[in-house]
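Everything on this sheet refers to the single structure shown next.
The values are calculated or read from the model by the stated rules, or taken from the named source; none is laboratory data. Since the model is a prediction, treat every value here as computed from it, not as a measurement. Counting neighbours? That spans all protein chains shown, and the Cβs are built from the backbone with ideal geometry, glycine included. To get the accessible areas, we keep the full protein, side chains included, count just its heavy atoms, and leave off ligands, DNA and RNA. Shrake-Rupley method; radii C 1.70, N 1.55, O 1.52, S 1.80 Å.
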Amino acid sequence: MKYLDIESFTNINSRLSFPTASGDRLVLGRVETYSCKAAGTDKKLYRYLEQKYQEDLEEAKELSPEQSSLTNTFSPFGPLTQSASRKALFYLIATLNASFPDYDFSSLSADQFTKELSADSVIKSINTTLFNAGCPASLRASRLWDSIDEVIHIDQCDIYSYVPADEWNPYQEECPVWSFNYFFFNKTLKRIVFFTCRCVSNLEEIEESNDQELFFGDLIDDHVETEFYPTSQHALKSMMAIGGGLRL
């Protein structure tokens, strides 16, 4: 998979990392584009997956013909007897390997992915998640979905999600509060947009906030309001950092 440097995505990604309104968590996200053109390591991965499929098929046949039939019928990508279905699985695994180079996802199976029913439901889910996390106005004004649509043509995409088990979760060490991984796959363009995001505890921010509270505790009224929202210790710190002021 070849990473494609998209200027509009650079702008979006700079806004996809932000603290939640409470300040005790961080949202960390990114949007990436990959061409489905196979590189040297991708060809090796594809051969491995094809061999693994044949081995799994033989193992299923040994269990029972019925089990073999079920193994090849049910898949988010279509029947695995079809090379196009197996290639779609390969593209998603190759994308994960490219996006998380310190991990190896080659042992993932098709049933660890889900095909989403509609683009609208995916967009609504992502929007709701980011909005509830307190996404900044700069992100809402960044033309996120227009930019993605210009690159991948969302209405022409098959969209898949990946909710990893612990052993296959690249974010496991961060113990995320939540995370999502979506693949927008345009077969005609032979291109994938990968949208990944997670919310993690901001322990450093909590410690600093506690220190700040000890210092400013006698000076700050927790119920003083700014023009937009109630001022917390975190908000005060942020405004002080950028030279902002309180409107009393």
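Observations, loosely collected:
- Selection from segment 11-44 of residues that are within 30 Å of ARG86 (Cα to Cα) and either out of contact with any helix residue (DSSP H, G or I) (no Cβ under 8 Å at 6 or more places or on another chain) or open to solvent by 20 Å² or more (accessible area, probe 1.4 Å) (or both): ARG30, GLU32, SER35, LYS37, ALA38, ALA39, GLY40, THR41, LYS43, LYS44
- Residues (loosely packed, with under 12 Cβ neighbours inside 10 Å, within 15 Å of SER109 (Cβ to Cβ) and at pLDDT 75 or above) located in segment 45-90: GLN51, GLN54, GLU55
- Filtered by the rule that a residue be within 16 Å of PHE194 (Cα to Cα), more than 15 Å from the chain's Cα centre (by Cα) and open to solvent by less than 10 Å² (accessible area, probe 1.4 Å), segment 99-135 gives a lone residue, PHE105.
- Single unsatisfied condition, LEU96 versus (1) surrounded by fewer than 17 Cβ atoms within 10 Å (Cβ to Cβ); (2) over 19 Å from ASP155 (Cβ atoms); (3) not acidic (Asp, Glu): (1)
- Lone qualifier among TYR171, TYR160 - being among the hydroxyl-bearing types (Ser, Thr, Tyr) and at pLDDT 95 or above: TYR160
- Residue, most open to solvent (accessible area, probe 1.4 Å), within segment 167-190, restricted to residues that are free of Cβ contacts under 8 Å to residues at least 12 places away in the same chain and within 16 Å of SER109 (Cβ to Cβ): GLU167
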